[in-house]
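For reference, the structure discussed in these notes is given below.
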Amino acid sequence: MGPKKKIKDLSHLYSLVRLEKEPAPLTEEDVKNLLIPSSYKSHAYTMSLWAKFSADCYNHETYNPMFGKAPTVYRIQMYLLWLAETRTGLLEENIIDTTVRNRLSSLKRAIKLFTRHQYSSAENKDIENYIEKELVHKGKISTDDYKKSVAPLLVAEDLIQFLWMCDEYQFTHPRARLQLAFAIILMTFTGSRPGEFIESEAWKHSNEGLLYGDIDLVRYQIETYVGFLLLIRLRNRKGHRNNKKHSPVMLLYEESTRCMCAVAHFMAMVLAVMG
């Protein structure tokens with residue numbers, strides 16, 4: 001036989017148990033403080049859509065702006081169908097699948113905020129299958145996409161020239177103009193987003209961007225090239241932040257046009273810091 005359990009006075013434990021309280025429901029001000037401005041704007045719009053959907057399709061129920069309990073998968077599917085039937089797209093008459101998925105993501109975030117419920121992998125798969133089979137394949141939503149134009153090299157050259165020759169603005173920090181020019185050059189030659197070099201709104205107050213430690217200056221010599229190279233590690237790719245598998249190292253050579261040379265700008269920044 002095992003040792004007998006000790007008999008203890010558990011009255012203090014009972015008193016602690018009775019102190020348990022239900023979590024206080026979030027107020028609109030709480031939500032506003034939890035989310036960054038762009039996310040809160042999306043949240044407010046999503047909640048207005050959910051209220052309209054509830055009024056149109058579930059007017060026999062008392063509407064709860066904080067859900068009360070998490071909506072069923074079926075109700076979410078009906079919400080997505082309602083979006084497809086009532087919303088007008090910008091590219092075509094129907095809204096696109098990306099818009100539907102963005103609205104779904106925002107709705108699930110609101111549900112999690114108010115009810116602390118997170119849908120399972122199986123439930124999310126059911127919703128995704130519904131989008132594909134009932135909305136996309138039946139033509140209720142479009143799969144078109146925006147054609148995002150890319151500024152050509154000449155535009156970047158004009159911006160750099162304006163910065164150094166025409167811009168009369170007095171920057172607060174003496175290296176700001178040089179850093180801005182360097183960032184434009186990097187975005188031009190790597191095809192990266194501004195949020196990969198400077199603090200992104202999605203990571204507000206992180207004070208995280210491209211660091212000097214992300215760049216290596218290398219002397220390189222082969223038959224076809226003699227000079228310096230920049231090896232730039234892009235750690236902050238959208239959707240893959242700090243994921244080493246998705247942090248490519250970009251290679252930039254010296255450019256004969258010095259105003260567009262990333263190597264020259266980087267050296268200038270290093271000298272300015274050291275000086």
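Throughout, read-outs are computed from the coordinates displayed, never taken from laboratory work. Only a predicted model underlies this, so the values are computations on that prediction, with no experimental measurement involved. FYI the Cβ positions are ideal-geometry reconstructions off the backbone, even for glycines, and counts take in every protein chain you see.
Can you compute the helix-only [θ] at 222 nm over the chain? Use -39500 (n - 2.57) per DSSP H run of at least 4 residues, normalise by all residues, nearest 500 deg cm²/dmol.
One gets -14000 deg cm²/dmol as the mean residue ellipticity at 222 nm.
Using a Gaussian network model of the chain whose springs link C-alpha atoms within less than 10 Å, name the residue from Val226, Val249, Val263 with the highest mean-square fluctuation.
Of Val226, Val249, Val263, the most mobile in the Gaussian network model is Val226.
Just want the ordering: Met250, Met274, from fewest to most Cβ atoms lying within 10 Å of their own Cβ.
Sorted ascending by nearby Cβ count, the order is Met274, Met250.
Treating the angle as unsigned and between 0 and 90°, give the value, to the nearest 10°, between the Cα long axis of helix 73-86 and the longest Cα principal axis of the chain.
60 degrees
Compute the helix-to-body angle for 121-130: its Cα long axis versus the longest principal axis of the chain, expressed 0 to 90° and rounded to tens.
80 degrees
Roughly how far apart, in whole Å, are the Cα centres of segment 252-275 and segment 185-242?
Each part's Cα centre sits 14 Å from the other's.
Name the residue from Leu113, Pro71, Ile95 whose Cα lies farthest towards the positive end of the charge dipole of segment 22-136, charges +1 on Cβ of Lys and Arg and -1 on Cβ of Asp and Glu.
Projecting each Cα onto the dipole axis, the largest value belongs to Leu113.
In whole Hz, what ³J(HN,Hα) sequence does segment 248-263 give by Karplus (6.51, -1.76, 1.60; θ = phi - 60°), x for Gly and Pro?
Values per residue, Gly and Pro as x: x, 9, 8, 10, 10, 8, 5, 10, 5, 7, 5, 5, 10, 9, 5, 4 Hz.
Using the Cα centre of the chain as origin and beta-carbon charges of +1 (Lys, Arg) and -1 (Asp, Glu), tell me which of Pro152, Leu252, Tyr45 is placed farthest towards the positive end of the dipole.
Tyr45
Mind checking the angle between helix 97-115 and the chain's longest principal axis? C-alpha axes, 0 to 90 degrees, to the nearest 10.
50 degrees
What pairs in Lys148/Lys245; Lys108/Lys238; Lys21/Lys69; Lys69/Lys238 have C-alpha atoms more than 23 Å from each other?
In this structure, Lys148/Lys245; Lys69/Lys238 lie more than 23 Å apart at Cα.
When only alpha-carbon atoms count, how far does segment 153-274 stretch along each of its three principal axes, as whole angstroms with the largest first?
That gives 43, 36, 32 Å along the principal axes, largest extent first.
Considering all projection directions equally, how large on average is the shadow of the alpha-carbon convex hull of segment 22-136, in square nanometres?
7.9 nm²
Dipole magnitude of segment 151-234 about its Cα centre, charges +1 at Lys/Arg Cβ and -1 at Asp/Glu Cβ only, in debye to the nearest 20?
Magnitude of the dipole: close to 160 debye.
If you take volume of the Cα convex hull per residue in Å³ from the coordinates, which of (i) 339; (ii) 147; (iii) 200 do you get?
Identified label for the calculated read-out: (i).
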